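Report on the structure given below.
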Amino acid sequence: MTNTAYRGRFAPSPTGPLHLGSLVAALVSYLDARERDGVWLVRIEDLDPPREQPGAADAILRSLNAHGLHWDENVRYQSQRGDAYLAALEYLAAADQLFWCRCSRKQLADHRVYPGTCRACRQPRDDAAIRWQVPNHRERFADRYQGEQSVDLATELGDVVLRRRDGPFAYQLAVTVDDIDQGITEVVRGIDLLDSTPWQRALFRCLGATPPHYAHFPVLIGANGQKLSKQNHAPALNDDQPSANLQQALRQLGLNIAVDTPLRMLTEAQQRWPQRRLKGRTDLTLKDTEDSNDTTGW
């Protein structure tokens, strides 16, 4: 029986098929939920059509299934959630927390934090992005893997875009609205998204919700010293060899598990889940599965 008090999610963008780095990310999220008898969801973050690869969403879901990573509820697609995001914007506008910004990237290139140029524009206009005027306070939270975090929203992050000038809803808004709607209690994701967390936590509260707990795990670094990602041309997984892929991915997390069926491998991984080895780490160096004499993890 699942623990409905724990609700986690894996939320890939359909910019390409799963690769080893994204399989590791899915595994961390999945094992964390399963080890705690929780619910594990899959959400497709398809908000930016020009960046998406045709067929990628279906390919991601097929890969997850092939590797035994089965989700508990219907897959959510952010492209179908426009009404919910628009309702959130209307709620924030009614609270006078939004403004319409016409600043170009070139105009803001020399500013690390948005300088507040368009804050006086509180009326909707079609030729502008919608920005959220962040609360003037320090956001503090404990990250399960990265420890205590403290960020001044106004001076260190600044006002953030919630809807782009060309129409698409922005990540910060969509992820927060969906986490609220799906009752997410644990956000387990890569450390490359840690900087977004203070914005999202503050937005949770402004939308009348309690922020979830966070755990940002280290990203997988390839032989070229770069994050293993679609952007850096990481090769797609071969779904015809899921057990071999799982063995390699689990090894990146310090688990040496013999090739077996995906179900048995995941069951053993859950029983041996080494959460402590992720704490305080910002990256993991890609390991060769043939080096079987190393049983320390890293």
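Note on segment 23-40: residues that are under 19 Å from I60 (Cα atoms) and without any contact (Cβ under 8 Å) to a residue 40 or more places away in the chain total 1. Of all residues in segment 235-272, those satisfying the criterion of being assigned to a loop (DSSP other than H, G, I, E, B) and either of a type in the set (K, R) or surrounded by 21 or more Cβ atoms within 10 Å (Cβ to Cβ) (or both) are L237, L253, L255, R272. Between E139, E73, the distinction of being assigned by TED's automatic domain parsing to the domain that holds A33 and at pLDDT 95 or above belongs to E73 only. The residue list L61, L89, L27 contains one member that is in the same structural domain as L228 (by TED's automatic domain parsing), at pLDDT 95 or above, assigned to a helix (DSSP H, G or I) and touching a helix residue (DSSP H, G or I) at 6+ places or on another chain (Cβ under 8 Å), which is L27.
In the set (1) outside the structural domain of G8 (by TED's automatic domain parsing); (2) without any contact (Cβ under 8 Å) to a residue 60 or more places away in the chain, the condition left unmet by I184 is number (2). Set side by side, the residues Y114, Y85 differ, and just one is crowded, with 19+ Cβ neighbours inside 10 Å, under 26 Å from V151 (Cα atoms) and touching a Gly at 6+ places or on another chain (Cβ under 9 Å), which is Y114. So, G16, is that one assigned to a loop (DSSP other than H, G, I, E, B) and more than 21 Å from L203 (Cα to Cα) or not? Here the answer is yes, as G16 does meet what is asked. The condition (being outside any helix (DSSP H, G or I) and either crowded, with 21+ Cβ neighbours inside 10 Å or modelled with pLDDT of 95 or more (or both)) is satisfied by just one residue among R201, R205, R189: R189.
Sort out which residues of segment 117-142 are surrounded by fewer than 18 Cβ atoms within 10 Å (Cβ to Cβ) and under 30 Å from P274 (Cα atoms), and write them in order of number. Passing the criteria: R140, F141, A142.
The values are calculated or read from the model by the stated rules, or taken from the named source; none is laboratory data. Everything numeric in this text was worked out from a predicted model, so none of it was measured. When we count neighbours, we look across all protein chains shown, and the Cβ atoms used for this are built from the backbone with ideal geometry, even at glycine.
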